[in-house]
Amino acid sequence: MGEFAIRAEDLAKQYRVGQFEPYKALRDVMANAFTAPFRTLAHRGRRDATDGDKRIWALDGVSFEVSQGEILGVIGANGAGKTTLLKVLSRIVEPTRGRGLVAGRVGSLLEVGTGFHPELTGRDNVYLNGIILGMRRREIDAKFDQIVEFAGVERFIDTPVKRFSVGMQVRLAFSVAAHLQPEVLLVDEVLAVGDAQFQRKSLGRMEDVTKQGRTILFVSHNMTAIRKLCPRTILLAGGRVVMDGPTEQVLDHYLGSLEEEGGVGAVSGEALEEKATNHLWHPQPVFRARTVALRDATGAPRQSFQSDEEITVSVEYDVFETIANLELVLELYTEEGELLLRTELADAAAANDMYLTKPGRYSARCGLAPMTFGERRFYVTLYVIAQGTQHTHYERLLHFDVVFMGYNDNLSVHSRSAYFRPRFDWEVESADSDGTPS
Amino acid sequence: MSVAEKPERVDADFGATDAAPRNTRITVLEPKRGWVSLGLRELWERRELFYFLAWRDIKVRYKQTAVGAAWALIQPIATVAIFTILFGHFTKLPSPTPYVLLVFSGMLPWLLFTQSLTQSSLSLVLNAALVTKVYVPRLMIPLAATIPSLIDFLLGFVVFVSLMVWYGVVPTLAILTLPLLILLALATALSVGIWFAALNVAYRDVQYVIPFLVQIWFFVTPVAYSTQIIPGKWHLVFGLNPMTGVVQGFRWALLGKAANVGPLLALSVGLVLVLLVTGLAYFRRVEREFADRI
């Protein structure tokens with residue numbers, strides 16, 4: 001093993017949660033100090049329960065080592081401890097247990113533009129932000145022109161940043177960070193800024209940085225970026241390192257673990273029957289569903305999908321006698337049971353062929369277009385309706401998780417709470433005649 | 001968190017099998033218990049941050065130059081004018097010099113002190129991102145926050161000098177000690193300010209205590225009156241307020257007239273040192289929780 005850049009030994013960080021009160025009021029403390037002797041006598045032993053002093057381990061014994069010049073990706077679900085790990089390694093919070101060693105100058109980017117002041121000009125903010133990130137004044141002097149050029153804001157550099165568009169501010173802030181040259185760079189999702197073109201540039205810049213032998217620890221939700229940048233990745237879950245290895249293997253395992261956790265991507269036979277609510281107006285069922293499945297492009301049933309994959313909902317069913325107008329309805333719900341989306345077989349042109357359904361075995365497929373969903377869990381409900389004879393409902397029959405992949409080089413991953421993260425058309429044009437930013 | 005030089009620390013802990021590169025500084029991240037060092041070396045290494053934080057605050061404050069400078073002048077002039085009318089003309093408090101000079105020479109260090117104190121007390125909460133999103137030596141934040149009020153002070157000082165010329169007061173050689181006295185006023189503000197800055201993170205209502213404290217403090221400091229009116233047996237009690245020494249020191253330096261300056265100043269310096277050292281120690285002790293609480 002080569003020389004290490006980062007070494008984590010059993011790092012752990014505990015936070016208080018529950019009745020979360022990050023700061024107290026001095027007056028309460030004084031009032032408590034005064035009343036405590038009386039209260040303790042009156043309610044001996046009851047205080048712990050009311051204090052709500054629950055603790056969780058945001059990191060719970062994390063050990064790994066990163067060699068010099070290596071790029072390590074860190075992935076994991078929300079709350080797995082990724083950001084806490086970065087904060088500990090950046091010295092922002094102190095570990096509760098264990099030890100970390102970082103060799104050389106550390107630059108950490110937990111947000112872009114820390115310390116930016118809207119009243120100050122772009123030039124002033126470049127200096128201020130650079131110094132805050134740990135650059136020396138001379139370094140900034142030397143790189144100033146590069147920074148401004150990289151951000152593409154040369155014309156406005158002496159304008160207060162409050163007049164900058166958000167995009168320009170973020171580009172300038174990232175550009176400062178990108179020219180920071182620490183031996184170890186800790187990055188949290190900050191590549192997720194700017195337009196696709198700027199992100200491509202940023203990603204390229206990160207790659208250059210590692211070619212210069214610097215070490216990067218890159219935390220991201222964005223699998224595309226991880227895949228592109230990091231040969232090795234660690235997977236965190238519940239504050240522990242679940243897997244540490246080549247990125248492809250870890251990503252497969254991660255996507256697979258979502259699969260296991262959720263169960264199955266297909267239901268058929270008995271299990272399907274159990275889920276069905278039947279309303280019959282006919283002595284015998286006129287149809288019966290055999291299998292309902294969520295399938296990927298290869299036709300394999302899956303439970304978790306990447307946002308850039310098409311998800312095919314397939315319904316295989318038998319029809320026992322000729323039915324007029326067999327309708328299939330698909331609905332997606334949130335975990336809380338709120339309706340998100342409805343699509344019907346009757347919407348499609350193919351529905352015309354179904355006007356009279358003859359007895360036989362059928363397979364219907366509905367393709368949920370790629371680039372539609374955000375990183376959430378979706379519950380699938382299916383209704384099969386033969387008007388006047390049989391309604392069969394399969395409520396919350398299946399569910400699937402989507403891992404948001406970003407758009408090509410567009411690494412915008414701030415999609416965590418959105419159910420839909422479609423790619424829509426955006427256009428921007430200057431509304432000013434003189435071209436000054438506003 | 002401590003910083004140790006290679007190779008001793010790492011070799012001692014891991015043997016030499018996979019050592020980090022020579023001459024690379026290893027940052028050790030581990031839980032600290034109890035009292036920790038003041039980290040003054042790190043402050044020195046990041047001194048540019050100090051300049052830039054102070055420079056930012058000054059620049060933002062005087063961005064609209066006319067208004068910024070006007071405010072810096074209106075406050076001391078208006079206060080001094082009111083006190084001069086009330087106590088100089090109506091009450092006719094005893095004063096060894098023209099009363100307006102007595103008040104003004106006290107008001108200059110007083111405003112410097114209160115502005116610096118307030119700014120440094122609130123600095124951590126106002127600069128939360130510098131605590132939670134990046135690592136900088138946290139002590140730098142209240143430290144740099146004491147500086148911008150110097151500009152207001154200098155503007156007020158120009159007005160004061162004009163008044164001295166008007167009244168024909170010629171300063172003595174004592175005026176050469178003025179820079180040291182300004183430093184003492186800032187140190188007094190900082191010594192209290194770092195206590196409040198650290199307390200304010202843990203107990204957010206501390207910020208409401210500050211204006212009240214400043215108000216009370218004003219009345220027990222001989223800003224609007226001369227120490228002549230304080231009975232002799234109370235001098236020691238008043239001297240326990242470090243600002244008494246600072247204000248009397250300013251009067252002595254600017255007007256050449258003030259009683260008991262030597263012992264008062266010595267007492268002030270001693271008290272400020274005690275507050276400063278305990279404040280720094282307390283600050284460093286609770287610093288590790290800042291990011292969790294802010």
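Every read-out reported here was derived from the displayed coordinates using simple, explicitly stated rules and does not represent laboratory data. The structure presented is a predicted model; accordingly, all values stated were derived computationally and were not measured. Quick reminder, even Gly has a Cβ in these numbers, built from the backbone with ideal geometry, and neighbours come from all protein chains shown.
Please compute the modelled spin-label separation between A:Arg16 and A:Phe320, points set 7 Å along Cα→Cβ, answer in nm with one decimal. Distance between the two pseudo-spin positions: 6.5 nm.
Listed by number, the DSSP H helices of chain B that run 15 Å or longer by alpha-carbon position along their axis and have mean Kyte hydropathy of at least 1.6 are B:65-83, B:149-167, B:178-202, B:206-219, B:261-287. Between the beta carbons of A:Ser363 and A:Lys211, assuming R0 = 41 Å, the FRET efficiency works out to 0.20 to the nearest 0.05. Where a ≥ b ≥ c are the square roots of the eigenvalues of the C-alpha gyration tensor, would you call the range A:95-216 rounded, which needs a/c under 1.5, or, failing that, prolate if a/b is larger than b/c, or oblate? Here the range A:95-216 falls in the prolate category. Among A:Val88, A:Val241, sorting on how many other beta-carbon atoms sit within 10 Å of each Cβ, with the fewest leading, yields A:Val241, A:Val88.
For B:Thr79, A:Thr322, the sequence from fewest to most other C-beta atoms within 10 Å is A:Thr322, B:Thr79. Positive end of the dipole of the range B:41-293 (Cβ unit charges, origin at the Cα centre): among B:Phe250, B:Gly279, B:Val214, the Cα lying farthest that way belongs to B:Gly279. 3J(HN,Hα) couplings calculated from phi for the range A:212-218 with the Karplus curve 6.51 cos²θ - 1.76 cosθ + 1.60 (θ = phi - 60°) are, in sequence order, 7, x, 8, 9, 10, 10, 10 Hz; Gly and Pro show x. In this structure, the residue pairs whose Cα-Cα separation is over 19 Å, taken from A:Lys87/B:Lys133; A:Lys13/A:Lys87; A:Lys82/A:Lys201; A:Lys201/A:Lys228; A:Lys13/B:Lys32; A:Lys87/B:Lys32, are A:Lys82/A:Lys201.
Per residue, the convex hull spanned by the Cα atoms of the range B:41-293 amounts to 133 cubic angstrom. Going from the fewest other Cβ atoms within 10 Å to the most, the residues A:Thr210, A:Thr247 appear in the order A:Thr210, A:Thr247.
For the pair A:Glu248 and A:Ala271, a Förster radius of 30 Å applied to the C-beta separation gives a FRET efficiency near 0.35, rounded to the nearest 0.05.
Put simply, the range A:170-251 fits an ellipsoid with semi-axes of 23, 14, 12 Å; these come from the alpha carbon gyration tensor as the roots of five times its eigenvalues, largest first. Across peptide A:88-97, the average count of Cβ atoms from other chains found within 10 Å of a residue's Cβ is 6. Taking θ as phi - 60° and the Karplus parameters 6.51, -1.76 and 1.60, the scalar couplings of the range A:310-320 work out to 7, 9, 9, 8, 10, 10, 10, 8, 9, 10, 9 Hz in sequence order, x denoting glycine and proline. With an a/c value under 1.5 for the gyration tensor axes a ≥ b ≥ c computed over the alpha-carbon atoms, the range B:212-272 is described as rounded. Taken as Cα centroids, the range B:158-212 and the range A:178-249 sit 48 Å apart, rounded to the nearest whole angstrom.
Taking amide hydrogens as placed 1.01 Å from N in the peptide plane, the amide H of A:Ser304 sits under 5 Å from those of A:Asp401, each at least 5 positions away in sequence or on another chain.
Note on A:Asp145 and A:Gln181: the extension gain reaches 11.4 nm, defined as 0.36 nm multiplied by sequence separation minus the Cα-Cα distance. Within 10 Å of the Cβ of each residue in A:6-12, the mean number of Cβ atoms contributed by other protein chains is 2. Across the alpha-carbon set of the range A:264-403, the Rg to Rh ratio works out to 0.96, Rh being the Kirkwood radius. With R₀ set to 25 Å, the beta-carbon distance separating A:Met371 from A:Ser430 gives a calculated FRET efficiency near 0.30.
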